[in-house]
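The values are calculated or read from the model by the stated rules, or taken from the named source; none is laboratory data. Keep in mind that what you see is a predicted model, and the values were worked out from it rather than measured. Cβ placement follows ideal geometry from the backbone for every residue including glycine, while neighbour counts extend to all protein chains displayed.
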Amino acid sequence: MYTPILDGIDSVGYVDFHVRDFHSYDTERGATYNAYLVRDDKTALIDTVKAPFAEHLLRNVAERIDPAKVDYIVCNHAEPDHAGGLARVMQAMPQAKLVCNRRCRDTLGVYHDVAAWQFEVVRTGDRIRLGRRTLEFVETPMVHWPESMVTYVPEQKLLFSMDAFGQHYATTQRFDDQLALATIVEEAKKYYANIVMPFGKQVQAVLEKVGRLPIGMIAPAHGVIWRTHWQTILDAYAAWAACRPSPKVLVLYDTMWESTAQLAEAIVEGAAQDGVAVLPMHVRRTSLTRIATEALDGAALALGSATLNRGMMPAAAAALNYLEGLRPAGKAAMAFGSYGWGKGAPEAIDRWIDGMPWEKLREPIRCQYRPTPEILDECRAAGRLLADKAQELARQHAG
């Protein structure tokens, strides 16, 4: 079914209540693949859906207009969750021109046979007049693919923002003021941290462009539509793009015979100060999705592992590999861990910290087999150091 969002504009995408994995991103609340129909003298479909849901999209469109009469299909982004159903949709809309930028056209040609498609290639600043409404285009490279762009309807102050400002959140209630705002922002933060975080500089450039537009509604490609709290998500993106830290200490670790767990507990104990949030996370019991989300605004991290085969435990290595790809900036960190007859894990973590754009707070804390009282005291002191640094970084970036 369709959902009217403004006069002459409907949401016609698909709500997927059952998906729980989005390329290793945990989607506990499901996902949506949003597409929008703009009806005027001419009609435009803004984006499509994943291939399995193309027929659902076409049925939704058919409730408002004969699909064969659609004049334009705008492809803001060629990723298959938005353009996988495009071939079927183009088949059902034979007179439609496919509107996209040059990079998007080239990428679509890798995924689909586009020989018979009519393209209208656009760039930033180009416009298409539908009647009373206009579609304006702004290219947003690397938010989060090279060919990404957004589409704006100035007459209704409506921004079709593609992946920016989205959330993986399946609900029949399509607007931000119909649901708990804290939950929507939580899902938007999770989405940003796990997908958009590496592109903070590009996001800041997009926010500057979008900030010049009069905004009254933001319709993203995933999740609910921002019709009331759109300034909230713009402000949140500004903070996330800057990796603005909060006074929060993360203690990530994996353990074998609980020695590294004891070190972690002592670090947590030392870091537990007024005004500082301390979050211990056993990486084998914590999803990568949550680890990345907490790292987005965590200021100081203690990273620990028991030694296995002269290196880190596999889950610890996986967590660090995931964070390395996302490259959250502006953190402070230290390594810790235990070993038996051969060293390895704390040293490997320490080298990993050296490769990140982070401040290293101190040399690794190590224990052989079991931590002594002296080593546990050293961990408590390290926790205090982490807490002090977290507060310092949060003060520096406040605003």
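Details
- Count of residues meeting criterion [part of a helix (DSSP H, G or I), under 22 Å from GLN368 (Cβ atoms) and β-branched (Val, Ile, Thr)] in the range 287-315: 0
- Of the residues examined, VAL150 is one that is touching a Ser or Thr at 6+ places or on another chain (Cβ under 6 Å), surrounded by 15 or more Cβ atoms within 10 Å (Cβ to Cβ) and touching a residue at least 12 places away in the same chain (Cβ under 8 Å).
- All of (1) closer than 13 Å to TYR237 by Cβ; (2) within 15 Å of the chain's Cα centre (by Cα); (3) not in a helix (DSSP H, G or I) hold for PHE199 with one exception: (3).
- Taking every residue in the range 206-222 that is at positive phi and pairing it with any residue that is not in a loop (DSSP other than H, G, I, E, B), at least 6 positions away or on another chain, yields no pair with a Cβ-Cβ distance below 6 Å.
For (1) free of Cβ contacts under 8 Å to residues at least 40 places away in the same chain; (2) more than 26 Å from HIS168 (Cα to Cα), each residue gets a yes or a no:
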residue: TYR2; (1), (2): no, no
residue: ASP10; (1), (2): no, no
residue: TYR14; (1), (2): no, no
residue: VAL38; (1), (2): no, no
residue: ASP66; (1), (2): yes, yes
residue: ILE73; (1), (2): yes, no
residue: PRO80; (1), (2): yes, no
residue: ALA96; (1), (2): no, yes
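- Counting only residues that are among the aliphatic types (A, V, I, L, M), within 16 Å of the chain's Cα centre (by Cα) and closer than 13 Å to ALA221 by Cα, the range 137-154 holds 1 of them.
- Test set (1) surrounded by fewer than 17 Cβ atoms within 10 Å (Cβ to Cβ); (2) assigned to a strand (DSSP E or B) - ARG351 fails condition number: (2)
- Lone qualifier among ASP377, ASP297, ASP388 - being at pLDDT 95 or above, touching a strand residue (DSSP E or B) at 6+ places or on another chain (Cβ under 7 Å), at negative phi and charged (D, E, K, R): ASP297
- Of all residues making up the range 245-260, the number that are closer than 20 Å to ALA295 by Cα and not in a loop (DSSP other than H, G, I, E, B): 7
- Look at the range 384-399: where a residue is crowded, with 20+ Cβ neighbours inside 10 Å and a partner is assigned to a helix (DSSP H, G or I) and small (Gly, Ala, Ser), sitting 6+ places away or on another chain with Cβ atoms under 6 Å, you get LEU386/ALA271; ALA387/ALA271.
- Any hit, the range 62-78, residues being at pLDDT below 95, surrounded by fewer than 22 Cβ atoms within 10 Å (Cβ to Cβ) and part of a strand (DSSP E or B): no
- For the range 317-335, the count of residues that are surrounded by fewer than 18 Cβ atoms within 10 Å (Cβ to Cβ), at pLDDT 95 or above and basic (Lys, Arg) is zero.
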